[in-house]
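The next block holds one structure in the form of structure tokens; read it before the comments.
The values are calculated or read from the model by the stated rules, or taken from the named source; none is laboratory data. Computed from a predicted model, the values in this text were never measured in an experiment. We place every Cβ from the backbone using ideal geometry, glycine too, and count neighbours over all the protein chains shown.
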Amino acid sequence: MKKLIAIAIFVFAGFAVQAQETAKIEFKSEVIDYGEIEKGSDGVRVFEFTNTGSVPLVITDVTSSCGCTIPEKPKDPIAPGEKGEIKVKYDTKRVGPIRKTITVYSNADVPAKSIKIKGKVLE
């Protein structure tokens, strides 16, 4: 019985140590406000982030809630303490309010993180 308890403690301790080794993504801002922009103007904006974890951050996918928004993920892993960027291009030929969600999938402690863009495209 004592051996079984000792094994359980070692297994639990192993998981606890492994759980501390994670990537963490921390955005400078989770919302980009375009404000009011003219139709056809530059729709590219950049979300800046830092890997505040202890292992390299690998972004596996970045998706948008609409085909009018095209996100671009980093190609290479982001080392601990390093900064990275996610570029987002909104189709500014569409007049009206902008309210879109971009979802970032990674090996971070929060594997799916939502960031947003907002604003208004004027005629």
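Only residues that are under 19 Å from S54 (Cα atoms) and either of a type outside the set (A, V, I, L, M, F, W, C) or modelled with pLDDT under 95 (or both) were counted across the stretch 86-123, and they come to 6. When residues in the stretch 79-113 are screened for being in contact (Cβ under 8 Å) with a residue 40 or more places away in the chain and either surrounded by fewer than 16 Cβ atoms within 10 Å (Cβ to Cβ) or not small (G, A, S) (or both), 19 of them pass. Selection over the stretch 1-52 of residues that are within 20 Å of K73 (Cα to Cα) and modelled with pLDDT under 65 gives a count of 0.
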